[in-house]
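The values are calculated or read from the model by the stated rules, or taken from the named source; none is laboratory data. Owing to the predicted nature of the structure, the values given are computational and were not obtained by experimental measurement. A quick note on method: Cβ atoms are made from the backbone with ideal geometry, for glycine too, and the neighbour counts reach across all protein chains shown.
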Amino acid sequence: MELEDIDNIELKFLEKEDYEQLKAAMITAYHAMPDPYWLEDEIDALISKFPEGQAVIKINGQLAGCVLSIIVDYDKLADSHTYKQVTQDYTFDSHTNEGDMLYGIDIFINPEFRGLRLGRRLYDYRKELCEKLNLKGIAFGGRMPNYHKYSNEISPKEYIARVRRKEIQDPVLNFQISNDFHPSKILKNYLEGDEASNDFAVLLEWKNIYYTKPVTKASIKKQVVRLGLVQWQMRPYKRLEDLLEQVEYFVKTVSNYHSDFALFPEFFNAPLMAENNHLKESDAIRELAKHTPAIVQKFADLSISNNINIVTGSMPEMVDGKLYNVGYLCLRDGSIERYEKIHVTPDEAKVWGMQGGYKLTTFDTDCGKVGVLICYDSEFPELSRILADEGMDILFVPFLTDTQNGYSRVRNCARARAIENECYVAIAGSVGNLPKVHNMDIQYAQSMVFTPCDFAFPSNGIKAEATPNTEMVLIADLDIGLLRELNQFGSVRNLCDRRKDIFEVVKK
């Protein structure tokens, strides 16, 4: 059919009255198959059990294409199942509204209407239905109608590999792969009588990136997350209480803007070392570490009373006689998580005798999974890649840099981490001078929020930026859903396209 002959195209649910047209279209589409069409009572059963899963495209009132589907409990389906098994001997009694996967029974286009991209419309309908019903994804056994031409030469696995490399043209597989379906398993004897596929099929899957696991308690995973970054001014404090008063001010400020997270810088509590400036630097910072438990407790109290998750930056902490650079994630549900700086700088090791930590993990929050890397750690891409593999959505980087050179290292590396890990990265640092604290004399910072670089994000990868070297708060909203779309449909897909056959980053 020519485009100029089309007066009307409609996508609608399949009805029992459509059967004769459906039968005729299937006979035309599957003329080489021994049983090319479904019986009327089988179609009636499908419509009765799952009307939303059965849809047709009509052009000028004529049936041009059809999609048939059921819902199954995917975990109960055998790995090497057959078409007969998944349909429960063609009765479709395997369909269950309590299942978690949309399973494709059939999809075809009447040859008279091919070339109009109607198949894409039907696949898009399936995907939208899957998202609407909050199912994990779509699966089906895909035919390999040209495999019989190569079956004496290559295995089904090699055939699929060559199709993906465009060395072999397969009208079914090419189309399915172009619609974001990924081969996951070879199925033997899947469809009775499919001689063209040499009795093989490939299990194809599409993951619903919007799927959320059903919960039994009242909780909401936020789609849009608001961050409050504290660009902290280093100023003299005579007492711990004075510093905590400033901390409380900033927490309340970002909370008043309904922020979900507050991020403080690395070693924001350094001004308290002034009272021990007469000591050696290594002794002064160990005295500072004595304040850490009280500061953490204050943050934990503030997170609950202000309904906000707080990334506490970092503080020195003594553990079994060794000095570490650590921080805490104080969640508004009352729980507290600890993170460590893995790589200490040469200065931290030389002047303070600080040790590198070992703990590297993501944290589950009511706003998705987050990770924290303290300053220098952001310059080691392996760390953030491990966190990304654990599902990290937001990476927080509290930092402390004295010069623009040091700041540029953190900034540029953090920006790269956002691109390569398809996540948001928020960095927050301190500004100002501490003339009475050795080894902490000057600070330079510009707090920022970075994004991946794709159409849904700022073209330069910068969501928000503070004024350099000025005490202030930076507020930014982040759409977590955009990360899901990027992972599946991005112009490039840094996480998905990694050559794991050549290299892999693992945590010991």
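Table: residues versus (1) under 22 Å from Glu40 (Cα atoms); (2) touching a strand residue (DSSP E or B) at 6+ places or on another chain (Cβ under 9 Å); (3) in a loop (DSSP other than H, G, I, E, B).
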position: Ala78; (1), (2), (3): no, no, yes
position: Gly99; (1), (2), (3): no, yes, yes
position: Asp106; (1), (2), (3): yes, yes, no
position: Ala139; (1), (2), (3): no, yes, no
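Please verify whether Val230 is surrounded by 17 or more Cβ atoms within 10 Å (Cβ to Cβ) and either in contact with a strand residue (DSSP E or B) (Cβ under 7 Å, 6 or more places away or on another chain) or at pLDDT 85 or above (or both), treating the condition exactly as stated.
The answer is yes for Val230.
How many of the residues making up segment 26-80 are touching a Lys or Arg at 6+ places or on another chain (Cβ under 9 Å), over 23 Å from Asp7 (Cα atoms), surrounded by 17 or more Cβ atoms within 10 Å (Cβ to Cβ) and without any contact (Cβ under 8 Å) to a residue 60 or more places away in the chain?
So the answer is 4.
For Asp199, work out the one condition from (1) modelled with pLDDT of 90 or more; (2) surrounded by 17 or more Cβ atoms within 10 Å (Cβ to Cβ); (3) outside the structural domain of Ala262 (by TED's automatic domain parsing) it doesn't fulfil.
The one condition Asp199 does not meet is (1).
Among the residues of segment 84-113, which ones are within 33 Å of the chain's Cα centre (by Cα) and either within 19 Å of Ala29 (Cα to Cα) or of a type in the set (Lys, Arg) (or both)?
Gly104, Ile105, Asp106, Ile107, Phe108
From the list Pro435, Pro452, which residue is in contact with a helix residue (DSSP H, G or I) (Cβ under 6 Å, 6 or more places away or on another chain), assigned to a loop (DSSP other than H, G, I, E, B) and in the same structural domain as Glu348 (by TED's automatic domain parsing)?
Criteria check complete, one pass: Pro452.
Within segment 380-398, work out how many residues are part of a helix (DSSP H, G or I) and surrounded by 18 or more Cβ atoms within 10 Å (Cβ to Cβ).
6
Conditions: (1) modelled with pLDDT of 90 or more; (2) outside any loop (DSSP other than H, G, I, E, B); (3) not hydrophobic (A, V, I, L, M, F, W, C). Glu167 meets all but one. Number of the miss?
(2)
When you check Asp106 against the structure, is it touching a Leu at 6+ places or on another chain (Cβ under 7 Å) and either within 21 Å of Ile9 (Cβ to Cβ) or not assigned by TED's automatic domain parsing to the domain that holds Lys76 (or both), yes or no?
Judged against the criteria, Asp106 is a match.
Only residues that are within 30 Å of Asn198 (Cβ to Cβ) and over 39 Å from the mean Cα position of the chain (by Cα): list them for segment 30-54, please.
Tyr30, His31, Ala32, Met33, Pro34, Asp35, Pro36, Tyr37, Trp38, Leu39, Glu42
Looking at (1) part of a loop (DSSP other than H, G, I, E, B); (2) modelled with pLDDT of 95 or more, which one does Leu474 not meet, given that it meets all the others?
If we test Leu474 against (1) part of a loop (DSSP other than H, G, I, E, B); (2) modelled with pLDDT of 95 or more, just (1) comes out false.
Which of the residues that make up segment 307-325 are crowded, with 21+ Cβ neighbours inside 10 Å and under 21 Å from Glu248 (Cβ atoms)?
Residues satisfying the conditions are Ile308, Asn309, Ile310, Val311, Thr312, Gly313, Ser314, Met315.
Matching residues to (1) free of Cβ contacts under 8 Å to residues at least 40 places away in the same chain; (2) more than 14 Å from the chain's Cα centre (by Cα):
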{"residue": "Thr345", "(1), (2)": "yes, yes"}
{"residue": "Lys350", "(1), (2)": "yes, yes"}
{"residue": "Asp366", "(1), (2)": "no, yes"}
{"residue": "Glu379", "(1), (2)": "yes, yes"}
{"residue": "Glu390", "(1), (2)": "yes, no"}
{"residue": "Ile394", "(1), (2)": "no, no"}
{"residue": "Thr403", "(1), (2)": "no, yes"}
{"residue": "Arg411", "(1), (2)": "yes, yes"}
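Exactly one of these conditions fails for Glu275: (1) modelled with pLDDT of 95 or more; (2) part of a helix (DSSP H, G or I). Give me its number.
In the conditions (1) modelled with pLDDT of 95 or more; (2) part of a helix (DSSP H, G or I), Glu275 misses (1) alone.
Here is a check on your reading of the model: is His258 surrounded by fewer than 17 Cβ atoms within 10 Å (Cβ to Cβ), over 34 Å from the mean Cα position of the chain (by Cα) and not in a helix (DSSP H, G or I)?
The answer is no for His258.
With closer than 22 Å to Lys76 by Cα and free of Cβ contacts under 8 Å to residues at least 12 places away in the same chain as the only criterion, which of Lys188, Lys213, Lys149, Lys207 stands out?
Answer to the selection: Lys213.
Looking at (1) over 19 Å from Leu474 (Cβ atoms); (2) buried (at least 19 other Cβ atoms within 10 Å of the Cβ), which is the only condition Ile304 fails?
(2)
Do the conditions hold for Ile285, that is, is it surrounded by fewer than 17 Cβ atoms within 10 Å (Cβ to Cβ) and either more than 23 Å from Tyr444 (Cα to Cα) or modelled with pLDDT of 95 or more (or both)?
So Ile285 fails the test.
Taking the conditions exactly as written (loosely packed, with under 15 Cβ neighbours inside 10 Å, in a loop (DSSP other than H, G, I, E, B) and not small (Gly, Ala, Ser)), does Thr401 satisfy them or not?
No; evaluated as a whole, the condition is false for this residue.
With (1) among the β-branched types (Val, Ile, Thr); (2) assigned by TED's automatic domain parsing to the domain that holds His258; (3) without any contact (Cβ under 8 Å) to a residue 60 or more places away in the chain as the list, and Ile480 as the residue in question, which single condition is left unmet?
Answer for Ile480: the failing condition is (3).
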